[in-house]
Amino acid sequence: SLDFYYSTDGGRNWQYKSTIATGGENPRNIMGYDPVWEPFFLYHEGNLICYYSDETASQAQKLVYKITTDGGQTWGESVDILSIPGEQYRGCRPGMPVVSQLETGKWILVYETVGMTNPIKSGYKIADDPYDWNAPLVGYNPGENGGLLPDINGVYGGSPYVYTLKDGRVVAGTGSLSEVFVNTKNDTSGEWKAVTTEAPAGYNRCYL
């Protein structure tokens, strides 16, 4: 389960508030059970949004979110972000969602394309607000309202992260590359340029 805890003293102590979502024991999917995992929180206009990967659906995995409007006491129904049903897409496992607001006011969401591309890559979607990602429910088109992060010497990778700098530049990257990508346009319509870092590649790497 995804359990929600909160702290009132800067993270020294934590108290349980609620359960956001619950997985299951059904062995139909790739992990041998049905997890709900890989959460990312966004606070927007008084709402706390939790984006996460959901393996309890009939397909292998989908991206969803839930909202709380009462400080985490209760959570609404899950809303699909990227869901690809159908037996022909059985191995499609979009996962690890991360969201950031662009300088334009629009929003970017990055995710990994497990089972959707070979090798695994990291895709991104652009939306007018953080609640509506125009989720494709049939088939998969990475160019629909977004695209894929580029490779470096044939290396792509999942486990993506994205962050918007104070000057509007958008930085994205994957867990397989030490380098990060900076888009040449702050609305992400430009080219993703690789920038060398001194940080090693790493799974679930975050930027601040």
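Which sequence of ASP34, ASP187 reflects their accessible areas, 1.4 Å probe, from the largest down? Mind dumping the intermediate values first?
Numbers: ASP34 5, ASP187 70 Å².
So, going from the largest accessible area down, we get ASP187, ASP34.
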* Structure fact -> Most fluctuating of ASP151, ASP167, ASP54 in the GNM of the chain (C-alpha, under 10 Å) is ASP167
* To do: Report, largest value first, the span of the C-alpha coordinates of segment 81-181 along each principal axis, in whole Å.
  => 44, 33, 18
* Accessible area of MET96, 1.4 Å probe, to the nearest 10 Å²? -> 20 Å²
* Quick one: ranking LYS125, LYS166, LYS17, LYS62 by accessible area, 1.4 Å probe, largest first, what do you get? -> LYS166, LYS17, LYS62, LYS125
* Accessible area of SER178 in the full protein assembly, 1.4 Å probe (Å², nearest 10) -> 30 Å²
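Taking 0.36 nm per residue of separation and subtracting the Cα-Cα distance, what length does fully extending TYR16 through ALA194 add?
On the way: separation 178, 0.36 × 178 = 64.08 nm, distance 4.12 nm.
Once the chain is fully extended between TYR16 and ALA194, it gains 60.0 nm.
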* Asked: How much accessible area does THR22 have with a 1.4 Å probe, in Å² rounded to the nearest 10?
  -> 100 Å²
* Report Rg (one decimal) and Dmax (nearest whole number) for segment 1-111, counting Cα atoms only, units Å. => 15.2, 49
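Cα-based Rg of segment 136-186 per 2.2 N^0.38 Å, rounded to two decimals?
1.28
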* Structure fact -> Straight-line reach check, LYS66, cutoff 16 Å on alpha carbons, 8 or more apart in-chain or any other chain, hits among lysines -> LYS17
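At 20 °C and 1.002 mPa s, what whole-number value in µm²/s does Stokes-Einstein give for the translational diffusion of segment 58-134, with Rh from the Kirkwood sum over Cα pairs? All intermediate terms of the calculation are to be shown ahead of the outcome.
Details: Rh = 13.7 Å.
Here the translational diffusion coefficient equals 157 µm²/s.
Can you give the convex hull volume of the alpha carbon atoms of segment 123-208 per residue, in Å³? Each step should come with its number before you reach the end.
On the way: hull volume 10.1 nm³, N = 86.
Convex hull of Cα atoms, per residue: 118 Å³.
Based on the Cα gyration tensor of the chain, what are the three equivalent ellipsoid semi-axes, each the root of five times an eigenvalue, rounded to whole Å and given largest first? Write out the running numbers ahead of the final one.
Details: eigenvalues 134, 100, 56 Å².
The answer is 26, 22, 17 Å, longest axis first.
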* Any idea what Rg and Dmax come out to for segment 46-101 if you just take the C-alpha atoms, in Å? -> 12.7, 40
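The values are calculated or read from the model by the stated rules, or taken from the named source; none is laboratory data. Predicted model, so just to flag it, every value in this text is computed and none were measured. Note: areas computed on protein heavy atoms with side chains; ligands, DNA, RNA excluded. Shrake-Rupley method; radii C 1.70, N 1.55, O 1.52, S 1.80 Å.
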